[in-house]
Amino acid sequence: MKISEFISRRTRLLSAMTSNSVAIIPAAKELTRSRDTEFAFRQDSDFFYLTGFLEPDAVLVLTPGKDVETTLFCRPKDKMAEIWCGRRFGVERAKEEFGFDQTLSLDELDDQLLQLVNGNDTLYYGQGTYTEFDDQVWQLLSDLRGGPKKGWQAPQTIIDVRSLVHEMRLFKSEAELEIMAKAGEISAQGHIRAMQFAKPGATEYQLEAEIHHHYAMNGARHPAYGTIVGGGDNANILHYTENSDVLCDGDLVLIDSGCELQGYAADITRTFPVNGKFSKSQAALYDLVLEAQLAALEMIKPGNTLKQAAEVTIKVLTQGLIDLGILSGDLTQLIEDEAYKAYYMHGLGHWLGLDVHDVGDYKQDEKDRPFAPGMVLTVEPGLYIANDSNAPEQYRGIGIRIEDDVVVTATGYTNLTLGVPKTIAEIEALMAK
Ligand code: GLY
Ligand code: MN
Ligand code: MN
């Protein structure tokens with residue numbers, strides 16, 4: 001993504017802030033995995049959205065209307081640290097390459113941040129993510145309050161900066177959609193690779209490895225979240241990530257996986273037979289979930305809400321469960337009683353972007369928020385009939401979810417994850433090859 005996009009996001013945020021205010025947005029920190037090794041570093045999504053800067057510990061400060069409106073604190077150049085742990089942009093290059101008005105060394109953070117905050121009426125800050133940094137900010141405010149004789153003055157009002165940033169993040173630009181389309185494509189191909197590899201006796205972790213290999217080979221080194229590969233009854237554990245079992249002949253396998261590309265997530269689920277052929281009861285349930293997903297997709301257009309799409313899904317699934325003899329009773333009553341929740345216990349979908357469960361309010365003025373062009377969301381109904389459920393025996397041990405990623409357009413939606421087969425005929429044809 002071009003630096004100009006990050007600069008224009010900062011400009012938009014600056015213009016949404018009140019006069020005489022300051023925003024502080026910290027980068028993520030490195031996290032210890034064990035002893036002296038760290039988890040792979042992942043930049044904070046809000047900080048990344050506004051900077052494109054991928055180093056830990058940095059701090060972005062925005063001061064609208066001042067001579068210097070954008071300040072980045074970052075790690076200074078350090079030859080030994082860079083020999084051991086990797087290159088740093090350093091103060092000067094960070095300013096040139098990322099387009100800030102000013103860059104300062106993190107060594108100066110305490111003094112300089114106090115100067116930048118001093119005298120403003122409002123502080124924009126998102127508390128609770130980085131508690132150590134929170135303490136630093138609270139100490140700074142306390143110092144300012146304690147120093148009126150020095151001419152210091154602390155902001156009277158604190159506003160959560162995330163309310164502004166997350167509203168911006170909800171609507172994706174052309175450049176973001178281009179990356180998300182690519183993430184969808186790579187992820188779809190990863191799923192295809194797993195379908196081609198699957199056979200009785202293969203393991204869940206081998207399918208995971210096939211998928212991750214495909215992501216990494218295509219420039220997406222990390223999955224966007226823990227990949228789920230659940231064979232048989234494991235598919236009925238919604239966030240199953242052990243991925244340790246052998247896949248059995250006659251079972252389905254559910255894979256929920258998406259890559260992260262340039263910070264952006266894809267999130268696809270497909271469910272297919274380990275041996276390449278759906279049994280009769282598997283096919284009946286699969287077609288029901290697919291019918292529900294297609295009905296939900298029909299609802300994705302400006303003006304409609306996620307709740308309306310979810311209601312359509314629930315109606316299709318409940319009617320189908322009655323037809324299959326899994327539920328019995330009156331459709332309207334069963335829906336009112338939420339009887340489907342025994343077999344479909346999660347929501348229809350969620351916003352998607354820099355985070356897999358992306359930010360953005362689902363309600364506006366206490367009402368369900370209508371879809372609007374540029375929003376990206378998942379559509380992912382499922383049915384989960386565990387081995388120990390009360391359903392007729394032929395349906396037990398079957399868990400199915402079908403999940404695609406869609407962009408809301410002016411007239412409807414574009415599916416970013418169409419590349420991976422979804423109908424029974426398409427899946428069986430691919431696996432028969
Ligand atoms: N992979 C998490 C989800 O589908 O929401
Ligand atoms: Mn998913
Ligand atoms: Mn999802």
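The values are calculated or read from the model by the stated rules, or taken from the named source; none is laboratory data. Keep in mind that this is a model prediction, so the values were computed, not measured. Note that each Cβ is placed from the backbone with ideal geometry, even for glycine, and that neighbours are counted across all protein chains shown. Just the protein is used for accessible areas: all its heavy atoms, side chains included, with ligands, DNA and RNA removed. Shrake-Rupley method; radii C 1.70, N 1.55, O 1.52, S 1.80 Å.
Out of the residues in the range 255-297 meeting the condition of being among the acidic types (Asp, Glu) and over 30 Å from Pro392 (Cβ atoms), tell me which one is nearest to ligand 1 (Cβ to nearest atom).
If we take residues in the range 255-297 being among the acidic types (Asp, Glu) and over 30 Å from Pro392 (Cβ atoms), then Asp267 is nearest to ligand 1 (Cβ to nearest atom).
Looking only at the range 375-384, decide whether some residue is over 30 Å from Gly184 (Cβ atoms) and either away from ligand 2 (no atom under 16 Å from the Cβ) or of a type in the set (D, E, K, R) (or both).
Residues of the range 375-384 over 30 Å from Gly184 (Cβ atoms): none.
Checked against the condition, which is being over 30 Å from Gly184 (Cβ atoms) and either away from ligand 2 (no atom under 16 Å from the Cβ) or of a type in the set (D, E, K, R) (or both), the range 375-384 yields no hits at all.
Table: residues versus (1) touching an Asp or Glu at 6+ places or on another chain (Cβ under 9 Å); (2) within 30 Å of Phe371 (Cα to Cα); (3) within 16 Å of ligand 2 (Cβ to nearest atom); (4) among the aliphatic types (A, V, I, L, M).
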| position | (1), (2), (3), (4) |
| --- | --- |
| Thr227 | yes, yes, yes, no |
| Ser244 | yes, no, no, no |
| Val253 | yes, no, yes, yes |
| Asp267 | yes, yes, yes, no |
| Ser279 | no, no, no, no |
| Leu285 | no, yes, no, yes |
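Looking at the range 393-415, I want the residues that are open to solvent by 30 Å² or more (accessible area, probe 1.4 Å) and have a partner that is assigned to a strand (DSSP E or B) and β-branched (Val, Ile, Thr) with Cβ atoms under 7 Å, at least 6 apart or on another chain. Which pairs are those?
Arg396/Ile385; Tyr413/Val406; Tyr413/Val407; Thr414/Val406; Thr414/Val407
Looking at the range 262-282, I want the residues that are farther than 22 Å from Met431 by Cα and have a partner that is among the polar types (S, T, N, Q) and more than 13 Å from ligand 3 (Cβ to nearest atom) with Cβ atoms under 6 Å, at least 6 apart or on another chain. Which pairs are those?
none
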